[in-house]
1. How much length would be gained if the chain were fully extended between Ile158 and Ala110, taking 0.36 nm per residue of separation minus their Cα-Cα distance, in nm to one decimal?
2. Please determine, in degrees from 0 to 90 and to the nearest 10, the orientation of helix 180-190 with respect to the longest principal axis defined by the Cα atoms of the chain, where the helix direction is its Cα long axis.
3. Order these peptides, 31-37, 252-258, by their mean beta-carbon neighbour count within 10 angstrom, highest first.
4. Shape verdict for the range 1-69, please, from the Cα gyration tensor: rounded (a/c under 1.5), prolate (a/b greater than b/c) or oblate.
5. Rounded to whole Å and ordered largest first, report the semi-axes of the equivalent ellipsoid of the range 1-120 derived from its Cα gyration tensor (root of 5λ).
6. Give the shape of the range 202-303 as rounded, prolate or oblate, defined through the alpha-carbon gyration tensor: a ≥ b ≥ c are the square roots of its eigenvalues, a/c under 1.5 means rounded, and otherwise the shape is prolate if a/b is larger than b/c and oblate if not.
7. What aspartates and glutamates could a cross-link reach from Lys301, if we take a straight Cα to Cα line under 14 Å and drop same-chain neighbours fewer than 8 places away?
8. Would you list Arg84, Arg39 from the most to the least accessible area, probe 1.4 Å?
Amino acid sequence: MQKVIISGADGFVGSNTVKKFLEEGVTVLALDMGAAPHRLEAHPRLTYMQCDISDPSAMLENIPQGVYDTFLHFAWAGSAGSARTDYSLQMQNALNTVECLKTAQKLGCARFVCAGSIMEYEVEAAVHAQGTRPGMGYIYGMGKHIAHCLCKSVAADIGIDLLWPMITNAYGVGELSPRFVNTTIRKILNGEPLQFTAATQNYDFVYVTDVANAFYLIAKNGKPFCEYMIGSSNARPLKEFILEMQQALAPDAVPLFGDVPFTGTNMPLSTFDTTDTKNDTGFQAEVSFAEGTRRTMEWLKTV
């Protein structure tokens, strides 16, 4: 793996992954929507290209063939906030992913590594269980799951290796979305009540630099047509994560459990298992949740 293409390269996870690949001596072509990147820093082995991945013909016209060996795909609109419930957008994301896969093969890439989500498993549990009424929040995961299913068949048909890392919950410095860790830290900083569900559902979190390292190792060492869970290797009930964060960041605060109703799906701890990821790629998360949330809080104080 010497030269790679990374879509969604100026996003939260994408930009950290670009940095990791550059640190490992890999040449990177970074694709994103903006005329100029906001997160990426100049580097002699980094080329930035403004690119709309919904237009594969433009990619084929502007990217030289036979140069890049691996395509990593992070570009995905509506990954946070209310857009997660936009089924038209999420379906288009899935279709765009398939077109990126086909484009990668035409460009001469031997491997296509796509950022999946643990929510794909939640979707299966929520949809197939008798009598369940999945909320609109599942639509984002449905888009990821559809992309996964489509890409696996298409990749086998056109002859490109597909690898599907599945992120549990990435967080860390640089993320501005209203997801759980950010929202909780902002409540701490603003002195707001820390109200949660009973938080008995199983969960996992993984710091963004660990996520980037996982993508590098999966792209380098992962087996074709396999999925790899990216997590801390220490999944547990959400309440334990909350208490760890509270004790590290706000030891005098009192978290209130049970004040917020839980309407999601509780997945077994086996869903979060990272054994295959470690055995096949050598990945092991290094940043503890307490340390990762401390870093994130110090950064959020400055933005």
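The values are calculated or read from the model by the stated rules, or taken from the named source; none is laboratory data. None of these values were measured; they are calculated from a predicted model. Using ideal geometry, Cβ is built from the backbone for each residue, glycine included, and neighbour counts are taken over all protein chains shown. Quick note on the areas: whole protein, heavy atoms, side chains included, nothing else; ligands and nucleic acids left out. Shrake-Rupley method; radii C 1.70, N 1.55, O 1.52, S 1.80 Å.
1. Contour length minus the Cα-Cα distance gives 16.2 nm.
2. 50
3. With the highest mean Cβ count within 10 Å placed first, the list reads 31-37, 252-258.
4. Oblate, since a/c reaches 1.5 and b/c is not below a/b.
5. One finds semi-axes of 22, 17, 13 Å for the range 1-120.
6. Verdict is oblate for the range 202-303.
7. Correct list for Lys301: Glu175.
8. Listed by decreasing accessible area, they come as Arg39, Arg84.
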